[in-house]
Each structure stands twice: as C-alpha cells, then as structure tokens.
1. Let me spell it out: the conditions are (1) assigned to a strand (DSSP E or B); (2) open to solvent by 10 Å² or more (accessible area, probe 1.4 Å), and A:ASP401 meets all of them except one. Which number is the exception?
2. When you scan the range B:134-144, do you find a residue that is open to solvent by less than 40 Å² (accessible area, probe 1.4 Å) and β-branched (Val, Ile, Thr), even just one?
3. Mind checking which pairs have a first residue in the range B:68-86 that is within 16 Å of A:VAL82 (Cβ to Cβ) and a second that is of a type in the set (Gly, Ala, Ser), Cβ under 7 Å, 6 or more apart or different chains?
4. B:ALA242 is checked against (1) more than 12 Å from chain A (Cβ to nearest Cβ); (2) under 26 Å from the mean Cα position of the chain (by Cα); (3) open to solvent by 20 Å² or more (accessible area, probe 1.4 Å) and fails just one. What number does that condition carry?
5. Which pairs do you get when a residue that is more than 15 Å from B:ARG287 (Cα to Cα), found in the range B:416-434, comes within reach of a residue that is crowded, with 24+ Cβ neighbours inside 10 Å and of a type in the set (Lys, Arg), reach meaning Cβ atoms under 7 angstrom, with the pair 6+ apart or on two chains?
6. Just wondering, is there one or more residues in the range B:205-223 that are touching a residue at least 12 places away in the same chain (Cβ under 8 Å), open to solvent by 10 Å² or more (accessible area, probe 1.4 Å), closer than 19 Å to B:THR479 by Cα and in contact with a Lys or Arg (Cβ under 9 Å, 6 or more places away or on another chain)?
Amino acid sequence: MFLTSDDAKTIAGKIIARSNADACVVKIDGGEDYSLRFARGGATTNLAISETSLRISSHIGGRVGSVTTTRLDEAALDAARVRSEEIARMLPVDPDYVAPLGPQDYETSARYDDNAAALRLDTLAAQAARVIEEGARVGVDTFGCASSARRFEALATSAGLFAYDRRSEIDLSATARNKSDRWSGWAGAHQFFAGRLDAESIARRACEKAAHDAEPVDLEPGDYTVILEPVAVAELAFWALSAMDARAADEGRSFYARPGGGALIGETLFDEKLTIRIDPADPLAPEGGVGYEGVPHRARAFIDRGVVSSLYRSRAWAQKTGAEAIPFARNFIMEGGDATLDDMVRSVKRGVLVTRIWYENMVEPKGLLLTGLTRDGNFLIENGRVTAPVRNMRFNQRLGDLFANIVALGPTERTWRAAGGGGAAAAPPMLVEKFHFSSKSSGV
Amino acid sequence: MAPTFAPLRDAPERADATNASRFALDRTALDRLADLALDGARRGGAAYADIRLGETLREYAQAKDDRLEHFDERSTRGFGLRVLLDGSWGFYGARRLDEASIREGVARALENARAVRPIQGAPIALERLPAHEAEWAMPMGVDPFSVSTSEKSDLLLAICASARDNGADFCSASLSLAREERLFANSFGARIRQTRTRVHPTFTATAVDRAAGRMASRDSLVPARGAGWEYVTDAGLVAEAAEAGAQARAKLTAKPVVSGDYDIIIDPTNLWLTIHETVGHSTELDRVLGWEANFAGTSFVKPHMRGDLRFGSELMTIVADRSQPGALSTIGFDDDGAPASSAEFNIIEKGVLKNFQMALGQAHYIGLSASNGCAYADSPTAFPIQRMPNISLAPNPEKCTLDDLLSGVEKGIYVVGAGSWSIDQQRDNFQFGGQLFYEIKDGRLGELLRDGAYQGRTIPFWNALDGLGDASTYHLDGTFTCGKAEPVQVAPVSHGSPPARFRNVRVLNTTGDE
C-alpha cells in the first residue's frame, strides 16, 4: 500500500498522541512492487505485491523497545504500541541511549516519477520482449528480470520530527548465453525515472557479448591489467564504502583504523583519482534526503581524491565520541575521468575486460581482502584489441591496493543495483594494474 | 499434464495434535478467504490456483559489549495468490487479510497472467499433485516467543561479558526467532495448515592488536535450528563465548597457514556450508534448466547426467529430507502442497548423481511425473520457487571417529566453523574460510593456525573424499538466510554431516603473511 505524506502523518500522529512512553518514534514504509522473470525466451515467474509496515519504538528511562506490524487498524496499532512499551520497561538501561531527533531540514531528492510509479506488468513484459527478440535475432538464449516499484518511507518522532520520502524505480537486467552454452553476456540498468531506462541498449549489449562462437581462452592465475566495466566498479566501490564505519575504525576493527588507535580520517589511502561521494541533489544517483535514524543526508565525499574524508557514524557513537552523526549511504557516485572504454582497451598490451563480478565476500576485513569471480562477459585484450572470450576467474584482491592502482577512469554512468541493498550507484569504467586472479573457474 | 479443478481428497491428517493450539490465526476466517480466492480464480478462467495465507512472527535482539542495541518484534500478515491462466502464471500478494484485498488480489493476479501472455513462450504445464487436508505443527518444548524480554537481553549481555572476560576486546551477540503460520489451499482441493518455529542465537568475539594492526574474531559454532527456547538455553552459549574470547585472542599470535596442498579434515560446523553451496545449489532443477541464469546462476550439472555423473567418491551419499527433527527446512508439506515424504530421496548415492530437487511444474522437463516437494515461499506474499529441503552428507556406516580420520594424515589441516564463502555461478570453483584452523601432524592435532581458506572445484573436491566419520560424529548445522531468485527470497535450511577427510586440497593464506 502506498501512503501519501498526509496519510502517514495522520497515522503516526495518532500513535504518538496515545504513547505512554518518555518518547516515541514511528516509522512507516511500504509500496507496490512488480517483477517479471524470463528464461530461455519465455516467462517463468511474476508478481505484484502491495506492502506496508509500521514500527513503533517506545523510549522509557533510557531504554528502547520496538514492535513492527503490517496491520494498520487502530486495535492492532494500539496493541503494538502497548507491547513496545512493555518491552522497553523490561530491558536494561542503555548506557549510550540517545533521545529521538527533533525537526530536521532535509534536502530534496528527486527520485519519484509518476510515469515510473504507474508501471505494471504489461510494460515489464514489453521490455522483456525486447530482450527476447534481440536474442532471437542474434541467435542466443535470453534470461532476465524486469521490475518496477513505487515506495515510500515516513518517520515521525514525539520530538516533532516528520520526514517523508518516496521513490519510483524501474530495473531491467538481461543475461544472454550462446546456444552451445559455452559463453554468456550481461547488461542491466536501474533508474528512478521511467524514460531513462534504455531497454533497447540493454538487450543489444547483453546479446552482443554472448554472441561468440569462439572457444574461450584459459588464462593462468596471476596478476593482470584489468578493465572493469562500471557495474563491476560500483560493486567493488560499495564494499570499500560499506566498511567505512567510524566505530569499527575507532576500535581498531577496520581497514580504516589507524595503527595504535583512532580512525584514518584525513589520510591518503587511495589513488588521487578516487572520489566516492553522495548527494541527494545529484540526479545521476541521488541519495535520499532522510538517512538512518532521521539524520539528514548531506552532499559529502567519503573518499575525496584518495583521501578518507568522512566515515559514517551512528547517533549513539557520535554522542559518545563528540563527533557528527553521518548516516550510512546506499546511493553513491564514484567520480570518473575522461578516458573512454575504447581508449582504455587501446592502451592495454595484454589484459582482461571484465563485465560483471559475482559472489563477493570479505575474506579479511582488516585488509579489505575481497574474493569473488568474474561472470557473464570476460574478454582477453591483446595489443589494444579485444581478441577472444576468456574463461572466468576467481579473484582475491585487496581493495586498498585496487583503488591505489587506478590507471584511468572513463565517464561515470548510472549502473544496475549496487551490492548490498539495492541502492543506486554511478561509477565509471576503470583500468587498473595488478588485479589478482587466484584460480580458474569453468562456470559460464 | 492438463490441470483441472476437480478436488482429490484423502483422509484428514494430523501430524502432531498436541501442538494444534499453536495455531493463533482465526481458522474460519482464513478458510473463508481461501475459498473466496480460489472460487474467484476459477470463475475468472484459471486452470489452477493456489493461495498461501498467514503470519510470520519475528524477534531480533542484539547486544554489543555492555549495551543492548536493539530489541524488535515484528509480525507480518498477508496472502499470495497464484493463478494459471491460459498457460501463464499471474501472482498477487498483499500484506492484508481481508475480503476486499482478496477480491482485488484475484483481479490483479488474473490481470498479471494476461499481461505476461505475449512473452510466455511454452505454456506452463503442471502435474496433478494429490490434494491433502492436513495440519502439521513442529514439535517444540518452550515457545521462544513466550520467554520474557529480560531473560533474552540478560542472556545476550552475559554472552558478551563472558567473551570479553576471557580475551576478547569486543563482542556482539544476537538472537533471531521466527515463527511461520500458514494456510495453503489449492484448486486441486488441498487445505493444509502448518506452523513451525526456528531460533538462531549467535555471537562474534573479536580481539584486536592495535600495535600490530591486526584483528581476529571467532563466531559462535552453535547452529540455527527448528526448535524451541530449550535449544537456546541448552546450547552453552556463555561457556562457548568464554572459549571463543580466548581463541580470538590466541588467533592474533597463532602460526600463519602456509599456502599449499594439504590433506584436510573438515568439521561439520564448516562442511555444512560446502555441502550447501556445491551440492545443494548445483542440483536444483530450476538452476539446471536456466531459470536462475540471470541471478543465482545455472549449474555445471545437466539433466542428462542424472544416474551417470560421478560426483564424488563412493563414501559420498547426500540425502534430502524434510522430516529431520530440529532441522530448519523440516515441515509437513512444501509450498506447493507436496508432502514431506516426497522430499526424502538421495541426491547423490555412493558418489553418483541420482536426483534433482524439484518444485511443481518442473518434473516433466526431465521426463519425471511429479515434484519431489522442494518448493518454498519466504513469505505469503512471495511467489513459491524451488528451494532446498534439508540436505545432508550421510555418515560412514563403518565405525570411524575423528581420531581415526586424523590418524590417516601425516601433514594436514583441520578446519572448524564457517568463515567467508564464495562460489561461481555454476557451482564449480569455490573458496571457503573457517573459524579455527589446526595443524595436523603425524596423525594428531597440533597448533592453532590463522588466516586460512581452502579453494577447489566441486567434482575433484568430492572425489578427493577418502574418510568419513560415523553416526556418532554427525552434527546438524544450517542457516536462516539462503538467498535466491529475483526479488531475492531467503530460506532456512539445515545440513548435517560427520567430519570428512579430503586429500590434496589447495589451502591459502588469506593475508599473504606467511
């Protein structure tokens, strides 16, 4: 169920008015989601869902109890409120307790489009049809998922805060596999505005990459010059960003911890070409205005020309350390450069062009050592030309080394969903050296 | 293959009458809503329809050091209606349980099926499953949702204190509880009511050497289970936290693993995840057919390999089942209405691939007649897809202890607890970390090692299995959160095994600090 700002404010206001707690926080979110999957040129599963969820957090004597319900009738909301108060009374006092926020000034984040919000399965089926037709045209099998959504989030506190944010989404991704089942390609995109999704381009790129009859080349494990396409760069950047928790750094449990104590804020840890920032007002990949705990998102860099400039920090840790609370970001922009993908390929004597990566996991968080594999479009570059498909490889790569060895960046573009929670990211293609492939994979 | 609406009823079943009181939702109201949906689907022209209605209760509490950071209860009610119209699926789900929403759901599910028809390709074809009328409730001692908030928060804080008192600098501990209550009904005439509960207490103890810039952690080895509160209180978490705190501290100064090929013995606390990733996922028929190609991936296993593929050594028998007591995927019927008895089969038998896991509508692709009961929807508002039952490595029928396994290793490594994990999209190349690595020297356990992970390829790895513990060494582990599908659904599943010995496996030092 998609609630308007007024509806959400009315519901939250009633709960807060009846609260017997010292303070009360109400969070409501929900919306409508549509999804259509297809495989081997035909539909498999689809769904349309309408969801709403409401959480009441009661603060009593420095303790917080929370109850979430999907029922919005008055009896259910009263029961949830009473139960949240019961829970709070039974908890131990939180030594780092922080009271709810009062009114905040949020920046506008343009992420809602009436055209995208009105999309249903017939439109998604038309997008899937474009991929299926392209696959038939070039002789490859096609698989994919098209989805759309309109979602809202509302936050109200007994201290007077009310925040409401909404977004529409449209998303298409396509995998293509050649008929011999020996090679695959992929392309995908996510947008907040319906008109910005180019299904034609996604279909063409995925199918082009898969339409290879050549036997894939095997490479030996080792260090390679690699060109990572934007979707792969965005995933890697998200891992580096998601490790930027101030508390973990202050406590010595993070790559961003200073030896001997403290966080490495202000230190140059990466190549000066690396900037990762967020901005609610940037139309390319706007972060929402309302951050976790109601703290406003502001335009800021987390990594600025190679220097660690911010770490995210919960309100409790901010209070304890006397620093600014900074909410975790899921939508981010990695700044690009002026090299085109073709320029990069021309500059490589021998290397690998990577379309997409898969199943990353942090092996050693202190060293930001990440493992994962290439997937759906891996190509050998020789003497400035893409010469053959190359079999997939596992990488074991320290992200600090990766982002310290940037040779060139292309223009930043919106990518498919970033790792870890469906955020919107924008990233450039990236040319790096000494990317470590640790073993071969036969996975196609 | 042609579905019809004629009901096929058998005698009502009651798996566990003593637990029937655990159904909290109004049965009459749910039945009325199910009738309304199925009748509406039939009148709308659907050849088949099914509906899942119910509620999921969750509780999550987390402590960090001396703070209880979160304590949340969550209840989610809703329904999901699936219709088959002219060979296309249509699905609609809502987090509401009322007649108006059901009526809207019927119209929207039919509308969705019509919307998909232009790209349907081959029409969806379903086998006719027997229609059961049944109730099933998971046997359980103390309902964990009845235990007081203060008892739970005290336990979490005690775990953190125990770890920190014994060597850890930091500790976080959490408790996840879930209870699903579902009514399933379909147009074959099935009407199945089920409820089950699961619990997952866990913690991470971390030690830091700031001067050396090094940290080490040790997660709890207590697995998630389908169980009541007695499982949590009997798990010895406070004592384990003390041990974990000391081990995290010891890992800081342990001898680093030297990369190389080793004979390794893998404890069940680690091997469950390897079974899950290499065997569980590779033998899912939807992946084999390509239906997950765009996300979770396909499989190196192909349909024609059933009955022929030498997957592992003769010691390897992998059993699928939905009846194992305490397991996370244990239930009376799957989310297509197939009984647990259909989900009891060998996937691998003495090293040879014997069966795939299937959901409704898949069997005919490989020349079989019916699903083997491997469907699950992670909420009533999710489209049911093929998911794992409990999948386990059968123990050695011959007597074999851990010491027996160790005695056959001159130079090797013993791996305990699950660490980081990764596997390719066809389930071939994998890399698994662990919680604890021990040297094996001349047939005996030696020193604690640090920074290890093993890497391999599925078929060679399982063919390198040459030693297996017997039933006395068997241990059941598992996860709450196996992800699959778009949109992602998470499923609970257990995997049991004895400790197992593998020859010549590649072991890495993950830090390069050798």
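1. The failed condition is (1).
2. no
3. Close Cβ pairs satisfying both conditions: B:PHE71/A:GLY65; B:PHE71/A:SER66; B:PHE71/B:ALA61; B:PHE71/B:SER153; B:ASP72/A:SER66.
4. Result: B:ALA242 fails condition (2) only.
5. B:ASN429/A:ARG394; B:GLN431/A:ARG394
6. no
Residue-by-condition table, conditions (1) under 23 Å from A:GLY160 (Cβ atoms); (2) within 14 Å of chain B (Cβ to nearest Cβ); (3) without any contact (Cβ under 8 Å) to a residue 60 or more places away in the chain; (4) not in a loop (DSSP other than H, G, I, E, B):
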position	(1), (2), (3), (4)
A:LEU3	yes, yes, no, no
A:LYS9	yes, no, no, yes
A:GLY30	no, yes, no, yes
A:ASP33	no, yes, no, yes
A:ASN46	no, yes, no, yes
A:THR52	no, yes, yes, yes
A:ALA79	no, yes, yes, yes
A:GLY102	yes, no, yes, no
A:ALA110	no, no, no, no
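Here's the yes/no breakdown for (1) part of a loop (DSSP other than H, G, I, E, B); (2) away from chain B (no Cβ under 14 Å); (3) of a type outside the set (A, V, I, L, M):
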site: A:ALA116; (1), (2), (3): no, yes, no
site: A:LEU124; (1), (2), (3): no, no, no
site: A:GLU133; (1), (2), (3): no, no, yes
site: A:LEU172; (1), (2), (3): no, no, no
site: A:THR175; (1), (2), (3): no, no, yes
site: A:ASP181; (1), (2), (3): yes, no, yes
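The values are calculated or read from the model by the stated rules, or taken from the named source; none is laboratory data. The model shown is predicted, which means the values in this text are computed figures rather than measured ones. Cβ sites come from the backbone with ideal geometry, for glycine too, and all protein chains shown count toward neighbours. Surface areas here come from the heavy atoms of the whole protein model, side chains and all, with no ligands, DNA or RNA. Shrake-Rupley method; radii C 1.70, N 1.55, O 1.52, S 1.80 Å.
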